[in-house]
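What follows draws every value from the coordinates through simple rules; no lab data is involved. Just so you know, these numbers come straight off a predicted model, no measurement behind them. Note that each Cβ is placed from the backbone with ideal geometry, even for glycine, and that neighbours are counted across all protein chains shown.
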Amino acid sequence: MKHMKKNHLLAILLLLTGTAGAQNNPGNQSASLRQTPITAQWMDRASVVGSTQAPEGKNLLWYKAPATVWEEALPLGNGRLGAMVFGGVADERIQLNDNTLWDGQPVNANNPNALEALPEVQRLLFEDKNKEAVKLAAQTMLGNPSRVKSYQSLGEVWFDTPQMEATDYTRQLDMNTAIATTQYTANGVRYKRETFASAAENVIVMRITADKPNAIGLNIALHRAENAQTEAIGNNALLMKGKVGITNFASHLRAEAPDGKVFIGNNSTGAPVLTVEGASELTVYITGATDYPGMDNMAEVTKHFDPKQYRQMKEAHIAQHRKYFARVDLSLEQPSANVANMPTDERLKLAKETGKPDLGLVETYFQFGRYLLICSSRPGGMPANLQGLWCWQMNAPWNADYHTNINFQMNYWPAGIANLPEMQLPMIDLMDKLVAPGSLTARQMYNADGWVVHHLTDAWGFTAPADGPQGIWPMGSAWLAQHPWEQYAYTGDKEFLRHRALPLMKGAAEFIMDFLVEAPQGTAYAGMLVTNPSYSPENSFYLPDGSVSEFTYGATMDLQIIRDLLTNCIHACQILKIDKDFRRRCEQTLARIPQTRISPETGRIMEWAEDYKEVDPHHRHTSHLFGLHPGNQITVVGTPELAEAARKTLAARGDDGTGWGLAWKINMWNRLHDGDRAFRLLSVLLGQKTYPNLFDAHPPFQIDGNFGATAAIAEMLIQSQLRKKDGSYEVELLPSLPTAMAAKGSVKGLRARGGFIVDMAWEAGGRLTRVSVRSELGGKLNLRYGGKSVTYKTKPGQTIHPRL
Ligand code: FUC
């Protein structure tokens, strides 16, 4: 058996290095599957019989079989290190990430020809000569290079055990503790592996225990598909080192088995294998490090951990996680015991079959979004990218970058309302890092003040237009700047507003105010200020001559983003009583920005300055409803006509889409107070655009849909986007409660703008039975529920029990 075991791992390593021939193949099924071992797919050689017993408690994901694809594996993360745990028996796999591990380096990609060409591009667009304009813009404005490099996997840990048959198998992710656990019985021994990502120590810890002494024996390898080598350190550790772009990285694995034998095996490839024999208990510590500027932790990669401290480390990890996670509880009416006892993947299948998720699954999905944000975005670290921080590839879809024409922003929609405002700080930090390169781009390409980002960025401060003409979208910084303002709105932190938010917002506004041009006579917005070039991400339209274009001037979304930004800047200056001149300039500019318009023909919100017909009426971006969500310019109460036009627009876009496209529309239906329609789209998202591990499917995996839908589930329960003249917000209770969720439910700990924490319960069609609102900051609390409104003056720390 031992011989077989070694052979198997050796074969994997040989295959990895590309030197394996048929003779090295141990001849079992899995080896042939691993011709290209580092893939989304994986196979456990063991035959596994699942447990019949569902784990107890809520906020759990659980399964009766090991993951066979990456999208079934369970994510762990501490804001820097990430792990995807497959839960295999004979073959366990942990795929690793460090969210500072990016290919590439800082570049000045600004196109030196842009500035000279800009007036001509603008003239052509104002004169409807779109084709010529796009041609010229593509030649003169695109970044060089025009692509960013990918965020990459750190590596993989493979465990190879002799257990070929397992019964009573379960694996689960307990979101209450952020611990993944795999349990099974093999050869009469009950094995348990628990794995967590400690934030305090920046290490992934796996502890394997057995209910019989000396029953643990396995081989461990640590590797990466490219650009890295692994060496043995002493007799119980492996160190992998490599370099991509300008970044050095490393990962270190140490096995501690007090009563077992731990040694390094040899194999012909030179790649070391760590072997454990006869242990009663095994603790594996896996670190990761890079020398990414400002976050260099290479010196700590071989840090020592004492297995005797395991319990303390685990308790500290749980406490640290619960500090964030336990702030919010959502309890909806539970399904029948039959459904409640099903594993997560079966519940997803049921949601697909019935067209409706069970409410326990909705609860879990909501908390999963919060869990993912806690794991992928922690103060002091990198923000969540297109995949949060979980990525097995070297060339990830869209490079797993930060897309700033919706996706990056969507990641942070739950931060405020789901009561995790600290988790948004990494996004603000990244914005700070974009100011210098973004100011250079603003100056070199547009001769403008302030800072600009186009439709994507990376870890290296890329701010030029990327990919193709659709990258010439200088609105990224303006949209990003909504987030520091929202951070203030949710937390009321004036120091933050003064020293961090306003400077970012101001820089973004200064760019915009320099970029805006007066639309000439003969155009739809003659005499007003518009963006040019402009487009509505990433939609195209028919020109009157039947040709297709994406480019125009003054696309509705641009104008709504600008309205949002300038309004927020004015508010910030008023609150802080500073920057009068800047504020006046914002006010004067705002007065000259065209209003959102309704198409006389379709009754919908116009997506462009002209009433063009879109090429794809079901396009995944619903950009021209930015003012409805995430903005607050279109509201049911304040602008009923626009709200009605938004309703028609959304209906025409349809109830399908990419994962994130659906998540956005769910939020929009909520803002229109149509909870049933929102729930219908949530059902599509859960039934059709969700992988077995609850990761969102664009497809492929993209995490924005998770975060967007988490915010949307919360906004079914409370909304607080309406800002009154005196700066207080209106907190609306159950504004968009779907009938499906109305029979009974409760929520604790949601956060409203103005610094209010809401607890409430409802039953019988959404009748409130209990509400309490804690005021963190003091100030005016305006509550609305159904047709009723009440206002309270609150003191800091006071809890109000309103009568509604
Ligand atoms: C936007 C979207 C795509 C994808 C990409 C990462 O450009 O249009 O669907 O989500 O971002």
Quiz prompt | Summed side-chain charge close to Glu201 - residues other than Glu201 whose Cβ falls under 15 Å, Lys, Arg +1, Asp, Glu -1 | solution = +3
Quiz prompt | Relative contact order of region 701-748, defined on C-alpha pairs under 8 angstrom at six or more residues apart (%) | solution = 29 percent
Quiz item: Using alpha carbons only, how many degrees (0 to 90, rounded to 10) separate the axis of helix 502-515 from the longest principal axis of the chain?
Solution: 50 degrees
Practice problem: Would you give the gap between the C-alpha center of region 319-381 and the C-alpha center of region 450-466, rounded to a whole Å? | Solution: 34 Å
Quiz prompt | Simple label model, 7 Å out from Cα along Cβ direction - Val339 to Glu300, nm | solution = 4.5 nm
Quiz item: If you take the square roots of the eigenvalues of the alpha-carbon gyration tensor of region 512-564 and sort them as a ≥ b ≥ c, do you get rounded (a/c under 1.5), prolate (a/b over b/c) or oblate?
Solution: oblate
Quiz item: How are the Cα pair distances of region 658-715 distributed, in percent, across 5 Å bins from 0?
Solution: 5, 25, 35, 22, 10, 3, 0
Exercise. Using Cα centres only, tell me the gap between region 627-661 and region 746-762 in whole Å.
Key: 25 Å
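Starting from the Cα-Cα distance between Glu610 and Asp581, subtract it from 0.36 nm times their residue separation and give me the gain in nm to one decimal.
Difference between extended and current length: 7.1 nm.
Once you keep just the Cα pairs under 8 angstrom separated by 6 or more residues, what percentage relative contact order results for region 222-346?
The normalised contact order for region 222-346 reaches 17 percent.
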Quiz item: By per-residue mean of other Cβ atoms within 10 Å, what is the highest-first order of 542-548, 768-774, 328-334, 415-421?
Solution: 415-421, 328-334, 768-774, 542-548
Exercise. Determine the relative contact order of the chain: mean sequence separation of Cα pairs under 8 Å and six or more apart, normalised by residue count, in whole percent.
Key: 11 percent
Quiz item: Gain in length, Ala319 to Glu132, computed as 0.36 nm per residue apart minus the alpha-carbon separation, to one decimal in nm?
Solution: 61.3 nm
Self-check item: Table column - 3J(HN,Hα) (Hz), region 131-148, Karplus curve with 6.51, -1.76, 1.60, x for Gly and Pro
Solution: 4, 4, 4, 5, 4, 5, 4, 5, 6, 10, 10, 5, x, 9, x, 9, 10, 9
Self-check item: Where the Cα pairs of region 665-804 fall when distances are cut into 10 Å bins, in %
Solution: 12, 39, 31, 15, 3
Practice problem: Please say if region 297-436 is rounded, prolate or oblate, where rounded means a/c under 1.5 for a ≥ b ≥ c the square roots of the C-alpha gyration tensor eigenvalues, and otherwise the choice is prolate for a/b larger than b/c and oblate otherwise? | Solution: oblate
Quiz prompt | Shape call, the chain: gyration tensor on alpha carbons, a/c limit 1.5 | solution = prolate
Self-check item: Using a Förster distance of 30 Å, the FRET efficiency for Asn214-Asn176 (Cβ separation, nearest 0.05)
Solution: 0.40
Practice problem: Pull up the DSSP beta bridges for the chain and report the antiparallel fraction as a percent, rounded to 5. | Solution: 95 percent
Quiz item: Along region 156-169, what does the Karplus equation 6.51 cos²θ - 1.76 cosθ + 1.60 (θ = phi - 60°) give for ³J(HN,Hα), rounded to whole Hz, x for Gly and Pro?
Solution: 9, 10, 10, 10, 10, 10, x, 7, 9, 9, 10, 10, 6, 7
